[in-house]
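Chemist: Sharing a structure below in structure tokens format, with a few things to ask.
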Amino acid sequence: MNKLFKINKISEPKGDLITPLTIDNYLDSIKENRDRVRLHSTQLSSICSLLLSAIFIVIFFLIKENYCGVLIRIIYVTMFSSVFFLIITLLFTILSTSLVKPTAISNVGEKLNLQIKIYNSEYKKMKIGQLTLIISIGLFSSGLLLFLILVSM
């Protein structure tokens, strides 16, 4: 549990600060973290939608203008690579918020372990989604920079 909850030490605890946490406190904390993962996943999905629209606008403009050359091919590669990573981001954000199979639980300890396991799984998928979104934003930015160079020639 030390990996899940990082707690800063308080010097000279007084009153309720020295009361140990109950299982319900742990479960509430895990629930709040899972809610944050879901909220963050919806934000990632919204960003992906906006970026996909922007990328396709640039691609359709390039197709319409019928540019030729090596630079245009590089722009297409970066833009379509960005689309690829955005789709991976969307897949992982959907997976991070998907429902898990119901499991029979016989005691509070099993419930706590199951909730921690579910949270860790959701968190890992969301982190992969974040990473692929960062890669996609980098590719999209470089594609826009190359697009700017192409248009300014």
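Values in this text are rule-based calculations from the coordinates and carry no lab data. This is a predicted model, so every value here is computed, not measured. Don't worry about glycine lacking a Cβ; one is built from the backbone with ideal geometry, like all the others, and counts go over all protein chains shown.
Chemist: What does the extension gain come out to for L71 and V151, with contour length at 0.36 nm per residue minus their alpha carbon separation? Write down the numbers at each step before the final one.
Modeler: Values: separation 80, 0.36 × 80 = 28.80 nm, distance 1.07 nm.
Full extension from L71 to V151 adds 27.7 nm.
Chemist: Would you kindly state how much longer the chain becomes between S106 and K124 on full extension, computed as 0.36 nm times their sequence separation minus their alpha carbon distance, in nm to one decimal? Please report the intermediate quantities before stating the final value.
Modeler: Details: separation 18, 0.36 × 18 = 6.48 nm, distance 2.68 nm.
My answer for the length gained is 3.8 nm.
Chemist: Also: Averaging over every viewing direction, what projected area does the convex hull of the Cα atoms of the chain cover, in nm²?
Modeler: On the way: hull surface 52.5 nm².
That works out to 13.1 nm².
Chemist: Given points 7 Å out from each Cα along the Cα-Cβ axis, report the I137 to F56 separation in nanometres with one decimal.
Modeler: Simple spin-label model gives 2.2 nm for this pair.
Chemist: Run the helix sum for the chain: -39,500 (n - 2.57) per DSSP H stretch of 4+ residues, divided by residue count, reported at 222 nm to the nearest 500 deg cm²/dmol. Don't skip to the end; give the middle numbers.
Modeler: Numbers: 3 runs with 115 residues, N = 153.
The helix-only estimate for the chain comes to -27500 deg cm²/dmol at 222 nm.
Chemist: Counting other C-beta atoms within 10 Å, which of K64, K101 has the fewest, and how do the rest follow? Each step should come with its number before you reach the end.
Modeler: Details: K64 8, K101 4.
Result, fewest neighbours first: K101, K64.
Chemist: Could you tally up the Lys pairs in the stretch 77-153 with alpha carbons closer than 17 Å? Skip any pair fewer than 8 positions apart unless they're on separate chains. All intermediate terms of the calculation are to be shown ahead of the outcome.
Modeler: Numbers: K101/K111; K101/K117; K101/K125; K117/K125; K117/K127.
The number of close lysine pairs in the stretch 77-153 is 5.
Chemist: How much length is gained on full extension from R38 to F80, taking 0.36 nm per residue of separation minus their Cα-Cα distance? Kindly include the intermediate steps, with their values, before the conclusion.
Modeler: On the way: separation 42, 0.36 × 42 = 15.12 nm, distance 2.74 nm.
Extra length available between R38 and F80 comes to 12.4 nm.
Chemist: Sticking with this one: Looking only at V70, V108, V37, which one moves most when the chain is put into a Gaussian network model with springs between Cα atoms under 10 Å?
Modeler: In the Gaussian network model the winner is V70.
Chemist: Pairing the Cα long axis of helix 108-152 with the longest principal axis of the chain, what angle in degrees results, from 0 to 90 and rounded to the nearest 10?
Modeler: 20 degrees
Chemist: OK, next. For the stretch 89-153, just say rounded, prolate or oblate: build the C-alpha gyration tensor, square-root its eigenvalues into a ≥ b ≥ c, call rounded for a/c under 1.5, and beyond that prolate if a/b exceeds b/c, oblate if not.
Modeler: Values: a/c = 10.39, a/b = 4.65, b/c = 2.24.
Because a/c hits 1.5 or more and a/b exceeds b/c, the stretch 89-153 counts as prolate.
Chemist: Averaged over every viewing direction, what's the projected area of the C-alpha convex hull for the stretch 27-101? Give it in nm², one decimal, please. Display every interim value, and only then the final one.
Modeler: Working: hull surface 24.4 nm².
Mean projected area of the Cα convex hull: 6.1 nm².
Chemist: Kindly rank 39-51, 71-83 from highest to lowest mean number of other beta carbons found within 10 Å of each residue. If you can, show how the numbers build up before the last one.
Modeler: Numbers: 39-51: 15.8, 71-83: 17.5.
Per-residue mean Cβ counts within 10 Å order the peptides as 71-83, 39-51.
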